[in-house]
C-alpha cells in the first residue's frame, strides 16, 4: 500500500516479542465504528459504534473519533494487560474520494467535507501513526482478510448504508486506480435520466439502493395510497421509516415492502451484472444493513445478475453477504495499516 502516515511510523519487526495491537476507524455518514485487533488479525477488542453527528462539522467528528480511540485503547489494555507502546497505530476508513498519499478527504457528499486532512488530525490526536483509505475499500479488504471472501484472488465488495461504496481486489491486491477513485460503484449510472444523487449526478445506483433511497421509495409508495404495515410500525410518522423498517415488514410478508425489496434487488442486480462483465470476480460480497433482508433480497438479486451478465462470469462467481457483521470496515482499516507497514 502507498498510504502515508502521521505521527511517526512502524516497521516490519514491530510484532516481535509481546503481542501488538492496531486500532481501526470506520467513518460513515451515519455511524462511526472503532475497535482494536491483534496485529495478526486473530483477536478483536473494544468494537463500538456511535452516531457520526455530521452536523458537528469535521472538527467535531474528529474529536468524537479520538475519544472513541482512547476508550478502545483503555478497554484493550484492561482486557490484555497491554501498554500504550503495544499499539502500533490507526487505520482509518473514510468516504471519499481521497488522496491517500496526503491523507486528505477530498470530498464526502454525505458529510460535506472538502480537502480535510483526516489522517493527520486523527493520528496526531492519539499520537500514533495513521493510514487512510476509502471506507468501502477497507470493508472489502476486511472480508478478504478474514471474512466471506477469504482466499479469493478477484473480489468485488459493495457496502450499502447511508451511501453505496465499493472495493476491488484484483490478483489478490486492493486496486485503487490511477488516483484513488476506483471502486466507486455507487456512482455508476443505471438510469441516465433518473433520480438525482447526492454527488450531483442523475441515476446513480446509490440514488436507488442506498439505505435512505430504499426508505424514500417506500415513503413515496405510501404517499400514493399503497396499503402497508409500515406506517403502524413507525407510529404513523413516515419520516421514521428506514431501510430496516422495509426489511422487517418484508419478513412479515408485507406486499409493499416485498415490492420495494424486489425492486432494490433489480437495481443492485443490474449494477452487479455490469461488474461481473467488467471484472470477472470470484466473489461479490455485500456488506451493510442490506444483509438484514436475507434471501428475500439475495435470491431475486442473483436472478437479475443471471439474467444480465455473461454466463461464464455468473457461473464462477459467488454473491454473498458479508461475514463480519458491521465490523468489516474496522477490520479492513486495520488490515490496510498492517499491510502498509509490512506487518501482515
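Just so you know, all these numbers are worked out from the coordinates, no wet-lab data involved. Computed from a predicted model, the values in this text were never measured in an experiment. Glycine gets a Cβ as well: all are built from the backbone with ideal geometry, and neighbour counts include every protein chain shown.
Peptides 332-341, 288-297, 91-100 ranked from most to least packed give 332-341, 91-100, 288-297, packing being the mean of other C-beta atoms within 10 angstrom over each peptide's residues. The angle between the Cα long axis of helix 295-308 and the longest principal axis of the Cα atoms of the chain comes to about 80 degrees, rounded to the nearest 10. Annotation: the antiparallel percentage among DSSP beta bridges lying fully within region 150-321 is about 50. Across the chain, the relative contact order, built from alpha-carbon pairs under 8 Å that are at least six residues apart, equals 21 percent.
With semi-axes √(5λ) of the Cα gyration tensor in Å defined as stated, name the option among (i) 93, 40, 22; (ii) 34, 22, 18; (iii) 27, 24, 21 computed from the structure displayed. Identified label for the calculated read-out: (ii). Highest-first packing order for the peptide set 232-244, 103-115, 125-137 is 125-137, 103-115, 232-244, based on the mean count of other beta carbon atoms within 10 Å. Taking all Cα pairs closer than 8 Å and separated by 6 or more residues, the relative contact order of region 237-344 comes to 29 percent. Note: relative contact order over region 150-321, using C-alpha pairs below 8 Å and six or more positions apart, is 23 percent.
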